[in-house]
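The values are calculated or read from the model by the stated rules, or taken from the named source; none is laboratory data. All of these numbers come straight from a predicted model, not from anything done at the bench. Here the Cβ positions follow ideal geometry from the backbone for every residue, glycine too, while neighbour counts run over all protein chains shown. Accessible surface areas use protein heavy atoms only, side chains included; no ligands, DNA or RNA. Shrake-Rupley method; radii C 1.70, N 1.55, O 1.52, S 1.80 Å.
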Amino acid sequence: MPIRHLSSDTATDAVVAALGSDGAVVVDLVAPPALLDAVEAELRPFLDATPTGPDDFSGNRTRRTGALIARSPSSRQLVMHPLVLGTAQSFLGHATNIQLHLTQAIAIAPGESAQPIHRDQWAFDFFPFPQGYEVQCNTMWAMTDFTEENGATRVVVGSSHAEDKLRLEADDTEPAVMARGSVLFYSGSVYHGGGANRSDATRIGLNITYNVAWLRQEENQYLSVPRDVAATLPTELLRLMGYERGAYALGYIDDLRDPIEAVRPGAGSLGFAVGESASGGAG
Ligand SMILES: O=C(O)CCC(=O)C(=O)O
Ligand SMILES: [Fe+2]
């Protein structure tokens, strides 16, 4: 079954519904070309300086460049995109709040082989989350066109409802073919992997992912984004980055203070209550 495509004026509810049934959906042409140009220009020196991956999973011909919030001010618009945040908050609405899980440009160079098919939620030490309890909502923004030849992400549509720890092959997958500026949403539970790049140009995607705020983040935002940069960011983004308690109490500082106080003194809420925020609240 091919991956469904929705248009950029689709309501959040329809994206959430498709994600719930299929585990993946593409929304076409969401990011304007000028924004992508700016992100690309800001990231270029970092992409060029990033080493290729150390193993088959990371990809020996794949560069993974993180810390997008620090390195690319323009990328913050993608991190905070209303369609994405709305979808993530609703899709993970069974949790008290959500947070940013990782920000990573993934550049798959020509000659790269296909990444092993996996569930992203296996990152949590392969904990068998109950079926239907989603812990992650992921995006892959197409910085270049994604084609079957250049390594478009491969997805086993509907496999979010399958058993855990399956060993699936490329034959079981469909490519997330999409134009530059489109965004693939996929759950932490759907089986997928980066495709092989048989073209003569590099495929670049921005993998920006969100998870329930009671789990650990994959990319450590406190150490990836220097404190002096953090001090310049909107409070809403800081909260999404983890300067906020997860659920009722997780991650408070010293005398039960709201972690936002570390960057923005006076902005915090008192006691254990979760503050008003980008990530706050179910649904
Ligand atoms: O690069 C891609 O298309 C997918 C990458 C991926 O699934 C991962 O690194 O977990
Ligand atoms: Fe993945």
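Distance between the pseudo-spin-label points of HIS94 and LYS165 (7 Å out from Cα toward the beta carbon): 2.1 nm.
Rolled with a 1.4 Å probe across the full set of protein chains, the surface gives PHE57 an accessible area near 90 Å².
Inter-part distance, segment 19-97 to segment 111-174, computed on C-alpha centroids, equals 15 Å.
Averaging over all projection directions, the Cα-based convex hull of segment 170-261 occupies 8.7 nm² in the image plane.
Kirkwood analysis of segment 109-156, using all unique Cα-Cα pairs, places the hydrodynamic radius at 13.3 Å. Residue order by solvent-accessible surface for PHE129, PHE185 is PHE129, PHE185, largest first, with ligands and nucleic acids left out and a 1.4 Å probe.
Calculation over all alpha carbon pairs of the chain in 10 angstrom steps from 0 returns a P(r) of 7, 30, 37, 21, 5, 0 percent. Extent of segment 68-158 along its three principal axes (Cα atoms, max minus min coordinate, largest first): 42, 33, 22 Å.
Rolling a 1.4 angstrom probe over the protein heavy atoms with all chains in place gives the chain an accessible area of 42 Å² per residue. With semi-axes defined as the square roots of five times the eigenvalues of the C-alpha gyration tensor, the equivalent ellipsoid of segment 125-283 measures 35, 20, 12 Å, largest first. Please give the FRET efficiency for GLU148 paired with GLU236, using the beta carbon to beta carbon distance and R0 = 25 Å, rounded to the nearest 0.05. Result of the calculation: an efficiency of 0.10.
Sorting VAL25, VAL177 by solvent-accessible area of protein heavy atoms yields VAL177, VAL25, largest first, with a 1.4 Å probe. Springs between Cα atoms under 10 Å define the GNM used for the chain, and in it the highest mean-square fluctuation of LEU223, LEU238, LEU166 occurs at LEU223. Subtracting the Cα-Cα distance of ARG4 and ASP254 from 0.36 nm times their residue separation leaves 85.3 nm of extension gain.
What fraction of the Cα pairs in segment 59-103, stated in percent, has a spacing above 17 angstrom?
Details: 455 of 990 pairs.
Tail of the P(r) past 17 Å holds 46 percent of the pairs.
Structure remark: mean-square fluctuation, Gaussian network model of the chain, C-alpha springs under 10 Å; the largest value among THR50, THR232, THR65 belongs to THR232.
For segment 1-111, pairs of C-alpha atoms spaced more than 19 angstrom apart make up 57 percent of the total.
Counting only the backbone N, which residues of segment 185-201 are under 20 Å from the spot 7 Å out from the Cα of ARG44 toward its beta-carbon? Inside the label zone: 201.
How much of the accessible area of the chain, in percent, comes from carbon and sulfur atoms when a 1.4 Å probe is used? Working shown, then result.
Values: 6520 of 12000 Å².
C and S atoms contribute 54 percent here.
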